[in-house]
Amino acid sequence: MNLQPTTSNLPSRLKVCGLTKPDQIQELIAMKTDFLGFIFYEKSPRYVLNHLSLEELSSIDHQGKVGVFVNEEADIIVKVVQRADLNFVQLHGDESNDFIAELRQKLNPEVGIIKVIRIGSNTAENQNKITQILDLQPATCNLQPITYYLFDTDSKAFGGTGQQFDWNILNEFEIPLPYFLSGGISEDNICDVKTLKQQPFALDINSKFETEPGNKNIDSIKKFKTLYQQNK
């Protein structure tokens, strides 16, 4: 497999996920962070509704608010999206294509859908999983109910592990949509993104930039953002 990058450019867009604190959210907005991730999974230590109400989320003035859901009912997702004024729904569970199609019909057309593909340690299983997901999608991107994919490290907690999966597996596929890269991204491995033949649309960071779950280290995020912009 050829691991040489086809481009030296790193993605310019950044998503910070697992946000819970209003002051940190405003700092990230001031830094022109592209996507703000809010987790609506009750078992997560970053469950946003333990810290902020839907009305408070609605008042955040940003065009990249992402709600993260895990195997939630479609009607509940729609209600949360409407009340929190979310711009994107991130499906981080085992949602089927039929469920995604149903959700797409119920959501405002302007709300995007990000489908997460969780990558484990078994290479053969990962290849089969990615193949099945990609093969079931319509050939015409305009017919896709999904706006973006997101590749993350698999875990029982559905993300937030700070662990990196083997990014090389993504070079085995032609990914039909722009995608977010997640899973243990940090200053230590940012340059490894260049080995990906198909570059991510955006990077998604979370637990590597926290002092505790939901409490972000803003200075560390600023440093990281400067570093990867210098490497673009």
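The values are calculated or read from the model by the stated rules, or taken from the named source; none is laboratory data. None of the values given here were measured: they were computed from a predicted structure. Note: ideal-geometry Cβ built from the backbone for every residue, glycine included; neighbour counts use all protein chains shown.
A few remarks follow.
- Considering the stretch 61-79, and only residues there that are within 18 Å of the chain's Cα centre (by Cα) and among the hydrophobic types (A, V, I, L, M, F, W, C), the residue that is nearest to Leu14 (Cα to Cα) turns out to be Val66.
- Among the residues of the stretch 169-178, those identified as modelled with pLDDT of 90 or more and not hydrophobic (A, V, I, L, M, F, W, C) are Asn171, Pro178.
- Subset of the stretch 211-227 [of a type in the set (D, E, K, R) and over 17 Å from the mean Cα position of the chain (by Cα)]: Glu212, Asp219, Lys222, Lys223
- Pick from the stretch 181-213, criterion of a type in the set (Ser, Thr, Tyr) and in a helix (DSSP H, G or I), ranking: farthest from Val116 (Cα to Cα): Thr195
- Residues satisfying the stated conditions in the stretch 113-130, i.e. hydrophobic (A, V, I, L, M, F, W, C) and in a helix (DSSP H, G or I): Ala124, Ile130
- Residue satisfying all of: in the stretch 165-186; more than 16 Å from the chain's Cα centre (by Cα) and of a type outside the set (A, V, I, L, M, F, W, C); surrounded by the fewest Cβ atoms within 10 Å (Cβ to Cβ) among these: Glu174
- The single residue among Leu181, Leu227, Leu136 that is out of contact with any Ser or Thr (no Cβ under 9 Å at 6 or more places or on another chain), at pLDDT below 90 and closer than 28 Å to Val111 by Cβ turns out to be Leu136.
- Residue, modelled with the highest pLDDT, within the stretch 102-133, restricted to residues that are more than 20 Å from Gln63 (Cα to Cα) and within 15 Å of the chain's Cα centre (by Cα): Val116
- So Lys43, is it touching a Phe, Trp or Tyr at 6+ places or on another chain (Cβ under 7 Å), of a type outside the set (Gly, Ala, Ser) and closer than 28 Å to Ile130 by Cβ: no
- Some residue of the stretch 17-32 being among the polar types (S, T, N, Q), under 19 Å from Asn87 (Cβ atoms), touching a Phe, Trp or Tyr at 6+ places or on another chain (Cβ under 9 Å) and modelled with pLDDT under 95: no
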